[in-house]
1. Which lysines have a Cα less than 22 Å from the Cα of K121, not counting those fewer than 8 places away in the same chain?
2. Okay, helix-only estimate at 222 nm for the chain: each DSSP H run of n ≥ 4 adds -39500 (n - 2.57), divide by all residues, round to 500 deg cm²/dmol; what do you get?
3. Per the Debye formula with a single identical scatterer at each Cα and no solvent contribution, what log10 I(q)/I(0) holds for segment 25-260 at q = 0.07, 0.09, 0.15 Å⁻¹?
4. Counting every Cα pair in segment 1-119, what percent are over 24 Å apart?
5. In whole Hz, what ³J(HN,Hα) sequence does segment 87-100 give by Karplus (6.51, -1.76, 1.60; θ = phi - 60°), x for Gly and Pro?
6. Among Q183, Y103, T90, whose Cα projects farthest towards the positive end of the dipole of the chain, with charges put on the beta-carbon of Lys, Arg (+1) and Asp, Glu (-1)?
7. Rounded, prolate or oblate: which fits segment 106-173 when a ≥ b ≥ c are the square roots of the eigenvalues of the alpha-carbon gyration tensor, with rounded for a/c under 1.5 and prolate only if a/b beats b/c?
8. Could you give the C-alpha radius of gyration of the chain expressed as a fraction of 2.2 N^0.38 Å, taking N as the number of residues it contains?
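Read-outs throughout are calculated quantities, based only on the coordinates presented, and are distinct from any laboratory measurement. This structure is a prediction, so every number in the text was calculated from the model and none was measured. In this analysis, Cβ positions are derived from the backbone assuming ideal geometry, glycine residues included, and neighbour counts consider all displayed protein chains.
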Amino acid sequence: MDSVFSTQELVRTLAPEEPVIVARPHRVALAARWFARRFPGAVFYAVKANPADWVLDALWDAGVRAFDVASEHEVRQVRERYPGARLAFTHPVKGRGAIRRAYAEHGVRIFALDTAVELDKILDETGGAADLELLVRIAVPGESAHHRLDRKFGVQGAEAAALLRSARASANTLGVAFHVGSQCLRPDAFGVAMDAVAGIIRQAAVTIDIVDVGGGFPSPYAAPQPPAMQLYVDAITDAFADMPVLKDADLWCEPGRALVAEASSHLVKVELRKGDRLYINEGSYGALFDAAHCGIRYPVRLVRNPGAAPDELRPYEFYGPTCDSIDHMRGPFFLPADVREGDYVEIGMTGAYCAALASRFNGFGAAMTVFADDAPMRTMYPDADAPQRIEALEAASPL
Ligand SMILES: Cc1ncc(COP(=O)(O)O)c(C=O)c1O
């Protein structure tokens, strides 16, 4: 891994032939500090968003001590790196062996569930431990989010109330957890969810120790723009105060995207231009899965020599390097009219779920990581405590 100052310098000095992850650990730290200061509760980082060591180290160095892990591999990775970390195993469906080893070998005490069968599995595999912290995952409406997460996991209504009662009988600490969906564009979705959860707690008539509002905090991709992050925190704070069913509960959240999206971009090379189609060396089987299949429009900019004049922008589609026709990112991505073979494009805000989803299909997908200390293309934290150099969006770099 190399260290450079900026994307422009990287192109000038390395002229990379393969995609490059431009890593900005200072932005991980900045987002973590923002959440630590503004979120009125515990922050568990959702490791699945980006499990790279440099990301985890930046979080740890910024003071993050709690991690949301969803697989045994993530449990091991975080435990081996930070023996003192607090781990929440939040996948509602876990293998028996994974539960057993998480408890006995890795010190995990926090487990999520959304069925009575999973509760039995957790009790069986931990020998009916007396120190379990159980989170019952409630299904809440997901229509305000770009990626809905309410169709696979979560329990509702009377079934949820019954599960809370059963879990209460075995839990040292009992919580409710939900996820409003990833890239949630409406802060009030959290209030709606917390209101629904309060109804279930009332029906169950049990003491709840934790309200875990999950992830969903958004990032500013090309469109549509999310409201300010503070509005999400305000909505959660207000809704938490309005849950009369709680006596002395703790508030938790599990952000993934919001802590890491700004922390890296991908520098890609244009291998060919056919009209408004750019064939680039990164694609849907690599880091751009969400651009191809989930309609995420990452901001982009052309990285050219210093002194080049900004040009008129026009819309392009991207095609990735594999031989598959679905390796196609519709965009539109706005770049100068004269983009040509050999140019470099920086695709911004790729820190969340991009590198983590990349495969090596067709022999592509290798990416070098370099460290930069410049600003990301966009930010959710304009008022945070670091120097900001926010650059023109979707514009040719005037360099
Ligand atoms: C249980 C859980 N918590 C947290 C997250 C992180 O969500 P986000 O990246 O939207 O903050 C996810 C994402 O899938 C999740 O499944």
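1. Those lysines meeting the cut-off are K94, K152.
2. -8500 deg cm²/dmol
3. -0.20, -0.34, -1.00
4. 40 percent
5. 10, 10, 8, 9, 6, x, 10, 10, x, 4, x, 5, 4, 4
6. The listed residue farthest towards the positive side: Y103.
7. In terms of gyration-tensor shape, prolate.
8. 1.03
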